[in-house]
Each structure stands twice: as C-alpha cells, then as structure tokens.
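Below is one structure, written out as structure tokens; the observations come after it.
The values are calculated or read from the model by the stated rules, or taken from the named source; none is laboratory data. Because the structure is a prediction, the values reported are computed rather than measured. Cβ placement follows ideal geometry from the backbone for every residue including glycine, while neighbour counts extend to all protein chains displayed.
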C-alpha cells in the first residue's frame, strides 16, 4: 500500500445527514426569497393603491372645486342677466312714460281750458295746450321711427363674437397656471397667472360687439377695436413687446333670423379712426343693407336718433328671453362661444334699440344721449329719416351718459376702393 495516499475522512453521523441539511437551507432561503418578493409586491401594490387613491382624491377635489366655481359663475351671470332685464324694462318704458305724461298734461290743460273764465287765461292755456300737443306728437313720431327702423333694418345688424389667444414666434400659446386642486393661479395683483409652460388650458380672451351690413357683397362695418380687439390695448401692447402676437380662434357674425354663425374675415381697416370692414359670405341670404346718409347733412343738433346694437352683449339678449330658456342655456356653462350658438339656434339673436337726441356735432364726433353701454360698439346711429349718420364707438357714462359716434363720412371714405400704389419708372 502506498503511504502517500491519504484517505478523505468520512463525515461523522449518518451518511445522508449533510445533503438533508443543505436541502433545508435551500428551502429556507427560497422561502425567505419568496417572502421578500411577496412583501415587496405587497408594498408596491400598497403604494400603487395609495398613490391612485391620492390622485383620485385630488381629481375629485379638483372636480368639486371646478363645479363650485362653475356654479358660482352661473349664478353671477344669472344675476347680471336679471339686472340687465330690469334695466331694459326701465329703458323700454322710459319713452312710454313720457308719452303717458304728455297725454295726462294735455287732458289736464283741456279741462282747465273748459273751466277758464276767458281773457288772458284762455289764451295762455291755449298756447300751453298747443305746446303740449307738439311735444306729444314729437314723442309719438320718435317711437314710430324707432319701430320702423328696427322692423326694416334690424335684421342687418349682427352680433360679433370673437375669441383670441396669444402665441410666441414658435407657435406656442400662453396657458393658465393651475394649482394642485386644478384652479387657476392668481398673481399678487389678483390677475390670473399665464405662461408658456402653464399646465392649464390656453389663455383666451372673449369679445362681443356690433356690426352691420353696408354692402350686398357681404361687407360688414364695425369698430376697429371690435375687428381687432387688441388694437390700442395696454395688455396686448405689453405682450407684443415680449414677442407675443394675438391670433383669432374664431370671429363670427350672428344675424337675426339666421341660425348659423357666419365666419368673418378681415377686409380693410382705417388708419385714422376706429373703423373696420369685415367680409362675410352671405350664401344667398337676404339680409338687409343699411342705408347710409351720403349727404353729410343728416346729423343736426337737437334732432332725435335711434341707436341699434347689442348693448351689454349676451346679458341683454338673455334678459329678453324667458327665465326657463335662460336657465337651460346657463346650465351648460357660461362660455360666450357656446351661449351665442345656443341663442342663435333658438332664434333669440335680436338687437336692441335706444333713443335719444343729438347733443353736438363736431368734425370728429357726433355726441348723443341715447342710453347705451359696452357691446354696442360698432352699432349704427340712425337719424329720424332712417339713415345711418354715425357709428357708435365710445360712451362716457360718468359724464351725463354721453355717447360718441364717428360721422358717416369716415365710413364713406373707407368704402371707396383703395387707391393703386403709385410707381416710379426706373432711372427717373
């Protein structure tokens, strides 16, 4: 036997003890691994459930907050409609009150004249009665003129509704910033925060104004600040300095009796006054063209005027509708674009008329006292003969309720075909 050969010592204990121990260790390790995996999966699942619940709660909170804001907005809009309804009623009844007062005064004077003893008293009462009858006849004529004008030409006066936003040179739009609850964030001065990287919807601006048809080819006349709402606007000018340019999402005309919205396109603007021409495709529709006073002598101080338009915008239109219709329209929100379409589909787009008198006629303005307000910009101002003598563009309610119209001569100049650009021969 070779002494250099060493035999490996045999393990103590039973021959199968070591393999059995090894298997147990492997089983324990596998169990631990499985447990750790199961625990990890459970923790991941719990984290997912917690995260999903958190996100769901945030979404629910944001939705509840949005619903509360929308409901508050609807209530506020409904309140404005009610205030406008009361104002419209007062304005509508104003002329009728004057007529009734004049009739009462006339009846009183006739009674006194019958009871008068004679002489100077009779002559004085007759003169006063003649004056009262003259006032009554004038008021009746003014009411009849207003009714005639709205009947003949009201369908040619449209509501202009537009929506625009601001974009940078690369085409990115300014957007609202939203907080964790989904509400729009306000800055320190109370304005809504907007930025290119905003996480909210695109910041849009809604506008409402008045226009009227002046040419059968579909030419609509309005103010430049209606056709280009950013014109001479301080906020827009500030954004322009930062490289942002306005762009219309929509600009539409809603004519009475026409259920469809008609798209408006730029045609021409005045470089000197607040006037602009827009183009619309009439598609064979019979919309009346308003008659313009081409004599230049139709505006006389002291003479009555009738102003046709959409003062107070959508609130004034809703103020003339039944309460049930108002609730139905407001139930889907207060977005002007949607409300205007709903009003048009229901045939409720109709202009209002207000009446007054010319206070002054200057080279630049026609000043009158017919009640009007925001939304009537771009509306026609008729004289008693049913001719448009001016286009309303401003109101100073704090100074006696004076309103201002641009004389029609500016419109006639704008309607002329543009002069061809002069060319100079080369080398001359």
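In this structure, does residue 160 turn out to be touching a strand residue (DSSP E or B) at 6+ places or on another chain (Cβ under 7 Å), in a helix (DSSP H, G or I) and either over 29 Å from residue 353 (Cβ atoms) or modelled with pLDDT of 90 or more (or both)? Criteria not met by residue 160.
For region 300-313, the criterion of being surrounded by fewer than 20 Cβ atoms within 10 Å (Cβ to Cβ), on the phi > 0 side of the Ramachandran plot, more than 19 Å from the chain's Cα centre (by Cα) and touching a residue at least 24 places away in the same chain (Cβ under 8 Å) is met by at least one residue. Out of all the residues in region 170-177, is one or more part of a loop (DSSP other than H, G, I, E, B), over 30 Å from residue 150 (Cβ atoms) and in contact with a strand residue (DSSP E or B) (Cβ under 8 Å, 6 or more places away or on another chain)? Within region 170-177, one or more residues are part of a loop (DSSP other than H, G, I, E, B), over 30 Å from residue 150 (Cβ atoms) and in contact with a strand residue (DSSP E or B) (Cβ under 8 Å, 6 or more places away or on another chain). Cβ separations smaller than 7 Å between residues 6+ apart or across chains give the following pairs from region 344-363 residues that are farther than 12 Å from residue 146 by Cα to residues that are at pLDDT below 90 and assigned to a strand (DSSP E or B): 359/402.
Among the residues of region 311-330, are any within 26 Å of residue 402 (Cβ to Cβ), assigned to a strand (DSSP E or B) and touching a strand residue (DSSP E or B) at 6+ places or on another chain (Cβ under 9 Å)? Lay out the reasoning, then the answer.
Residues of region 311-330 that are within 26 Å of residue 402 (Cβ to Cβ), as a first pass: 311-317, 319-320.
Still in the running and assigned to a strand (DSSP E or B): none.
No, there is no match, as no residue in region 311-330 is within 26 Å of residue 402 (Cβ to Cβ), assigned to a strand (DSSP E or B) and touching a strand residue (DSSP E or B) at 6+ places or on another chain (Cβ under 9 Å).
Of all residues in region 38-62, none that is over 25 Å from residue 180 (Cβ atoms) has its Cβ atom under 8 Å from the Cβ atom of a residue that is modelled with pLDDT of 75 or more, 6 or more apart or on another chain. For residue 198, indicate whether it is outside any strand (DSSP E or B), surrounded by 18 or more Cβ atoms within 10 Å (Cβ to Cβ) and touching a residue at least 12 places away in the same chain (Cβ under 8 Å). In short, yes.
Hey, could you check region 146-157 for residues that are within 30 Å of residue 104 (Cβ to Cβ) and touching a strand residue (DSSP E or B) at 6+ places or on another chain (Cβ under 6 Å) and say which is modelled with the lowest pLDDT? Show your work before the answer.
Pass one, region 146-157, residues within 30 Å of residue 104 (Cβ to Cβ): 146-151.
Cutting the leftovers down to touching a strand residue (DSSP E or B) at 6+ places or on another chain (Cβ under 6 Å) gives us 146, 149-150.
On the way: 146: 81, 149: 92, 150: 91.
Filtering first and then ranking leaves 146.
Tell me, yes or no, whether region 205-225 has at least one residue that is farther than 24 Å from residue 351 by Cβ and touching a strand residue (DSSP E or B) at 6+ places or on another chain (Cβ under 6 Å). Talk me through it step by step, then tell me what you get.
Let us first name the residues in region 205-225 that are farther than 24 Å from residue 351 by Cβ, namely none.
No, the conditions are met nowhere in region 205-225.
Taking region 120-132 as the range and being modelled with pLDDT of 75 or more and in contact with a helix residue (DSSP H, G or I) (Cβ under 6 Å, 6 or more places away or on another chain) as the test, only 128 passes. Under the condition of being farther than 14 Å from residue 201 by Cβ and either without any contact (Cβ under 8 Å) to a residue 60 or more places away in the chain or under 22 Å from the mean Cα position of the chain (by Cα) (or both), the residues counted in region 180-189 number 4.
Where strands (runs of 3 or more DSSP E) fall entirely within region 202-309, those with at least 1 residues that are modelled with pLDDT under 95, farther than 29 Å from residue 418 by Cβ and in contact with a helix residue (DSSP H, G or I) (Cβ under 6 Å, 6 or more places away or on another chain) are at 204-215, 304-309.
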